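Only one structure is covered here, and it is reproduced in the block below.
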Amino acid sequence: MTSLPNWLTDNRDTASLAAMLAPASSSSLETLAAQSRALTLRRFGRTMTLYAPLYLSNHCSSGCIYCGFASDRKTPRRRLEPDEIRQELLAMKKLGITDILLLTGERTATADFDYLQRSVEIAAQEMQRVSVEAFPMSVIEYRALAESGCTAITIYQETYNYERYEALHRWGPKKDYIDRLETPTRALEGGIKTVGLGVLLGLSDPVEDALSLYRHLRHLGRTYWRAGISISFPRIRPQTGGYKPPFPVDDHTLARMIFAFRIALPDVELVLSTRESATYRDGMAGLGITRMSIESRTTVGGYHDADIHEKGQFEVEDNRSAKEFCKAMRAKNIEPVFKNWEPAYNGPADGNKANPHTEKPKPCH
Ligand code: SF4
């Protein structure tokens with residue numbers, strides 16, 4: 001039996017979040033929404049930061065039962081070569097996008113660390129902000145990635161329930177629960193500035209998973225108190241393989257979760273992707289969510305070649321153009337933000353410096 005870290009079952013500071021998340025909570029959804037809205041306005045103003053995903057490769061060595069790129073799917077496999085990445089980046093820039101998330105499947109010989117690092121370098125020449133959602137890496141690899149221009153990584157635990165995790169991850173490197181759990185720590189040790197965490201809603205009990213996610217964030221925050229943190233709320237979408245979520249999360253439960261996390265962690269970036277409908281995303285803007293994806297293509301090469309017919313990792317629900325999305329935000333008095341100034345005020349990544357997240361503040365004289 002794998003031994004799990006003590007912090008994963010530490011309930012010392014979870015009572016108020018648990019009370020807000022409970023289906024029979026005494027706090028009404030309206031009360032939580034009002035509190036969440038006020039905190040969001042105070043901490044983030046009337047803004048929405050925008051980004052778009054860029055799928056570099058759909059090769060994968062893992063067998064996650066809920067994913068259209070699992071290695072047993074009949075999906076055609078490909079990876080973008082440097083010239084194709086540049087073409088994709090140019091197509092994205094024409095849409096106004098300067099903040100991107102590069103994605104791959106689990107590490108394979110075709111899409112390995114060297115390939116990913118080269119892709120980050122190319123992207124960093126064109127974009128204001130480059131994030132990565134790929135495979136777990138070592139501290140040394142994260143340091144190299146940061147030096148190549150990656151400022152943030154996304155790594156979802158998918159579910160914190162160990163037994164469910166074992167059953168859902170049928171084979172491949174992703175089956176290693178503990179390795180994945182420790183990945184955000186390694187990324188921050190390597191000098192990555194921001195880590196994005198989340199669970200894939202629908203795989204397991206959502207309240208239990210949300211509480212474990214919170215414990216994970218608190219655990220990271222105790223050591224890496226200067227790190228940027230973001231939380232995403234992805235719900236399972238239809239995909240090749242036809243996996244149906246055994247714990248479906250309805251709109252009200254998702255809203256309660258978003259509001260509860262905003263109240264519990266007022267400064268943390270909360271992300272909602274194009275997995276959700278236009279109506280739901282517009283409704284959540286200003287109430288807690290501060291970052292959204294736009295113009296998402298979940299196929300490899302989907303920006304330059306809009307006619308690609310192969311299946312993506314999952315189906316996108318909000319298919320609006322950036323222009324349509326921005327119009328909807330402005331109608332709600334929310335300013336869409338395309339440009340990210342973080343690299344300018346944080347300075348360049350420098351793996352030789354002391355860890356920027358744990359460094360003690362200098363005394364003021
Ligand atoms: S979720 Fe990621 S690791 Fe799992 S099968 Fe899909 S691409 Fe591979």
- prompt: Restricting attention to the stretch 169-177, does a residue exist that is touching a residue at least 24 places away in the same chain (Cβ under 8 Å) and more than 12 Å from the ligand (Cβ to nearest atom)?
  reply: yes
query: With L201, L197, L213, L220 as the choices, which residue is touching a Gly at 6+ places or on another chain (Cβ under 9 Å), at pLDDT 95 or above and surrounded by 18 or more Cβ atoms within 10 Å (Cβ to Cβ)?
result: L213
- request: Scan the stretch 147-163 for residues that are within 16 Å of the ligand (Cβ to nearest atom) and surrounded by fewer than 20 Cβ atoms within 10 Å (Cβ to Cβ) and report the count.
  value: 1
- prompt: Condition test on L188, is it closer than 23 Å to P5 by Cα, of a type in the set (A, V, I, L, M) and out of contact with any Lys or Arg (no Cβ under 9 Å at 6 or more places or on another chain)?
  reply: yes
statement: Looking across the stretch 136-146 at residues that are over 14 Å from L102 (Cα atoms) and surrounded by 22 or more Cβ atoms within 10 Å (Cβ to Cβ), the single one that is nearest to the ligand (Cβ to nearest atom) is M137
message: So, E133, is that one within 16 Å of the ligand (Cβ to nearest atom), in contact with a Ser or Thr (Cβ under 6 Å, 6 or more places away or on another chain), within 30 Å of F247 (Cβ to Cβ) and among the charged types (D, E, K, R) or not?
response: yes
message: List pairs: first residue in the stretch 104-116 and in contact (Cβ under 8 Å) with a residue 24 or more places away in the chain and part of a loop (DSSP other than H, G, I, E, B), second residue more than 13 Å from the ligand (Cβ to nearest atom) and aliphatic (A, V, I, L, M) anywhere in the structure, Cβ distance under 7 angstrom, at least six positions apart or on different chains.
response: T104/L116
message: Out of the residues in the stretch 160-176 meeting the condition of being assigned to a helix (DSSP H, G or I) and in contact with a strand residue (DSSP E or B) (Cβ under 8 Å, 6 or more places away or on another chain), tell me which one is nearest to P136 (Cα to Cα).
response: K174
message: Regarding the stretch 209-219, can at least one residue be identified that is within 28 Å of D318 (Cα to Cα) and free of Cβ contacts under 8 Å to residues at least 24 places away in the same chain?
response: no
- request: Identify the residue in the stretch 12-30 that is closer than 30 Å to D176 by Cβ and touching a residue at least 40 places away in the same chain (Cβ under 8 Å) and, among all such residues, is surrounded by the fewest Cβ atoms within 10 Å (Cβ to Cβ).
  value: D13
statement: By residue number, the members of the stretch 179-229 that are hydrophobic (A, V, I, L, M, F, W, C) and within 16 Å of the ligand (Cβ to nearest atom) are L181, L197, V199, L200, L201, L203
- prompt: Among P82, P53, which is the only one that is more than 20 Å from the chain's Cα centre (by Cα) and either touching a residue at least 24 places away in the same chain (Cβ under 8 Å) or farther than 29 Å from L270 by Cβ (or both)?
  reply: P82
message: If I ask for residues that are within 8 Å of the ligand (Cβ to nearest atom), in contact with a helix residue (DSSP H, G or I) (Cβ under 9 Å, 6 or more places away or on another chain) and over 13 Å from S119 (Cβ atoms), which ones from the stretch 61-104 would you list?
response: S61, S62, G63, C64, Y66
message: Please verify whether R77 is more than 30 Å from G241 (Cα to Cα), among the basic types (K, R) and touching a Phe, Trp or Tyr at 6+ places or on another chain (Cβ under 9 Å), treating the condition exactly as stated.
response: no
task: Among the candidates T49, T40, T31, single out the residue that is away from the ligand (no atom under 16 Å from the Cβ), under 30 Å from S119 (Cα atoms), modelled with pLDDT of 90 or more and outside any loop (DSSP other than H, G, I, E, B).
output: T49
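The values are calculated or read from the model by the stated rules, or taken from the named source; none is laboratory data. The structure displayed is predicted, hence computed values, not measured ones. Positions of Cβ are generated from backbone atoms using ideal geometry, with glycine treated the same way; all protein chains shown enter the neighbour counts.
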